[in-house]
Every structure is written in C-alpha cells, then in structure tokens.
1. Against the longest alpha carbon principal axis of the chain, how many degrees, from 0 to 90 and to the nearest 10, is the axis of helix 70-94 turned?
2. Between SER62, SER220, SER111, find the one with the highest GNM mean-square fluctuation for the chain; connect C-alpha pairs within less than 10 Å.
3. According to the square roots a ≥ b ≥ c of the eigenvalues of the Cα gyration tensor, what is the shape class of the chain, taking rounded for a/c under 1.5, prolate for a/b larger than b/c otherwise, and oblate for the remainder?
4. Relative contact order (percent) for the stretch 87-214, with alpha-carbon contacts under 8 angstrom and 6 or more residues of separation?
5. Rank these for me by crowding, MET197, MET167, MET1, going from fewest to most other beta carbons within 10 Å.
6. Please rank LEU173, LEU87, LEU16, fewest neighbouring Cβ atoms within 10 Å first, as an exposure proxy.
7. Among ARG19, ARG80, ARG66, whose mean-square fluctuation peaks in a Gaussian network model of the chain (Cα, cutoff 10 Å)?
8. Suppose a student asked you for the relative contact order of the stretch 1-159, using Cα pairs under 8 Å spaced at least 6 residues apart; what percent would you report?
Amino acid sequence: MRVLLTGGTGFIGSRLKTRLASAGHEVQVVSRDASGDVTWAPDAIREAVRVHDAVIHLAGESLFARRWSAHQKNRLRASRIDTTRLLAEAVADTKPRVFITASAIGYYGTSTDRRFVAGDGPGDDFLARLCVDWEAARQPAIDAGVRTATVRIGVVQGPGGGALQKMLLPFRLGLGGPVGHGRQWVSWIHLEDLLAMLAWLLENEHTHAEYNGTAPNPVSNRELSNTLGRVLRRPAIVPLPGFVLRIVLGEVANLVRDGQHVTPGRALAQGFSFRFSEIEPALRDVLDAR
Ligand SMILES: NC(=O)c1ccc[n+]([C@@H]2O[C@H](COP(=O)([O-])OP(=O)(O)OC[C@H]3O[C@@H](n4cnc5c(N)ncnc54)[C@H](OP(=O)(O)O)[C@@H]3O)[C@@H](O)[C@H]2O)c1
C-alpha cells in the first residue's frame, strides 16, 4: 500500500516507517522538517492524501517537551487536533482505504481502582479532554465512510526513547524506585507490539473504531520499578515522592504520579495477538536490543 505517515521522524513513527517499508509498503512522511517528503501546507496535505491508500497520523508535540504552561497546552492540543482535522477533511474528500490515528490512554483519566476497556467513557482532566477532542477531529473521515481506526497508546517500552529512556539513568546509578506510593497503574506496551498493532489495523479490513494499545497485563508502578531493578541488577528502593516530581515537572508530573489500568480486550477479541504480555520479558527484550 502507499502509506502517508505523520510523526514518521519520532520514536514510534521512525520504527513504523522501517517496519512498513520492509513489509513492502511505500511510505511517505509528513514533517515540519524540510527532510520530510510532504509539508503540512493544507494544499500539500490534500494532494498527498489523494495519492495514498492509507493515512497514519502519529504527529503531536511531545507531552514531556516542557512544563505545561497555558501556551504549551495550546501547542499540545493544536499539534494533535488541528492536524487531525486537516487530515480528516482531506480523507473525507479523497477517500483513501483507511485512516489510522493515535490517541492516548490518558483518554480515560486516572484511577487506582477502576479498570478501563475500549468502550468506556472519558475522564475529565486536561489530557482526557485533549484526547476526546483529538478523537472528535477524525469525524469528517468517519462521516465520509472511510474506515477509521484509532490506537489509544499506553506507555511504550522500546529502545532509545519513551518513558523507559528517562528511567534508565537513575536506575543505573542505583537511585531508581517507585514514584509516590507506587500503587498507580502503568499500562505499558512493547514497541514491537504497538508497531504490529498499527500494521494489523492497516491490513485488516474488519478493524475500525478505537483500540487500546496496551499489553494485556498492566503493572503497578512499584512492580515496574522492581522489575526494572531486577533486569538491570540494580536496587530499586529509592522512592521518588510525588510532590518532588510535581515541583520539578509541574502538571506533566501527573502522567507519572497517577495512572490507569487499561486492557486491550477489543484487539484480542478481533484476532490481534501480543508477543509480549508480561513486563519482565518485555523489558529484558528492550534492554537486550540496546
Ligand atoms: N511514546 C509513548 O509512550 C506514547 C504514549 C501515548 C501516546 N503517544 C502518542 O503517539 C504519538 C507518537 O509518539 P512518539 O513517542 O513517537 O512521539 P515523538 O517521538 O515525540 O514524535 C512525535 C512526532 O510528532 C511531530 N511533532 C512534534 N511536535 C509537533 C508539532 N508541534 N506540530 C506537528 N508535529 C509535531 C514530530 O515530527 P516532525 O518533527 O517531523 O514534524 C515528531 O517526530 C504522539 O501523538 C504521542 O502523543 C505516545
């Protein structure tokens, strides 16, 4: 298939591009950078969507790039919502075979007690509202009858990026440990499984709507940190108080301090299978691959 990919220079997208190309797809990347194949100019997007069979939209300002000032919140929102709307309108006009978009498990809000599956409603914090509006921006494509599938991505565990990359240094120095009380859920996914899920959505005509991009077995933050300590053969006993994180990072600290238990029942029921369902083999694989 001819695939138009946004976010193709990022942590997930750059690996997806390689994977799709090696499966025989032809991939063009939309980027703000001159090195991309297509710019975000509306005319360029419309023309590019017209000549592709599939659009995969992963672009978005990094949630961890800087503190969430009012200005930064606008960037986080616009980089996802405005771009999704632009693509969805182009998709509605020219009708490629499929439109695949990213969202995040922040859609559900945070909870230590509740268990979330794909049919559940949204939370009401900043990130949840962002995800609701991000997903709503797909609507022109859905209304036009184009197969549209969205992955609410969990905490991606992969080499060279994501949350794990940020945890490695303190753990290697023996300064790792749980964040706050450590009971908050971490709904993680191995990068290879996320790439496989995106390829599965691309290639399977029966898939559409929202899927949780999380492994079947979320872990507590304490279990994640104990497991990482074991894999790295380092102690994982130095807790990081939630209030310290909040002082250092501001509101973005909530992403680490609070969590949500999210499972991928819909993808499993429709035939997707995970290579990594348990955290320890996943972390061992990622750290071996470095
Ligand atoms: N990694 C995770 O654990 C995780 C978890 C949940 C959800 N997600 C979502 O999955 C998507 C991809 O994640 P990732 O980890 O690969 O992100 P990433 O490494 O930060 O890459 C995101 C890409 O988005 C583009 N971008 C950044 N800021 C932008 C802006 N202001 N306007 C337009 N484009 C912008 C960049 O492409 P150019 O520089 O080429 O323009 C960049 O390559 C994101 O939407 C993210 O929110 C990721």
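1. Helix 70-94 sits roughly 30 degrees off the main axis of the chain.
2. For the chain, modelled as a Gaussian network with Cα springs under 10 Å, the answer is SER62.
3. Details: a/c = 1.73, a/b = 1.58, b/c = 1.10.
Prolate, since a/c reaches 1.5 and a/b exceeds b/c.
4. Numbers: 180 pairs, mean separation 41.2, N = 128.
Answer for the stretch 87-214 is 32 percent.
5. Details: MET197 24, MET167 19, MET1 16.
Going from least to most buried by this count: MET1, MET167, MET197.
6. LEU173, LEU16, LEU87
7. Of ARG19, ARG80, ARG66, the Gaussian network model singles out ARG66 as fluctuating most.
8. Numbers: 263 pairs, mean separation 33.8, N = 159.
Relative contact order of the stretch 1-159: 21 percent.
Read-outs: derived from the displayed coordinates by stated rules, not from any lab. Being a predicted model, the structure only gives us computed values, none of them experimental. Positions of Cβ are generated from backbone atoms using ideal geometry, with glycine treated the same way; all protein chains shown enter the neighbour counts.
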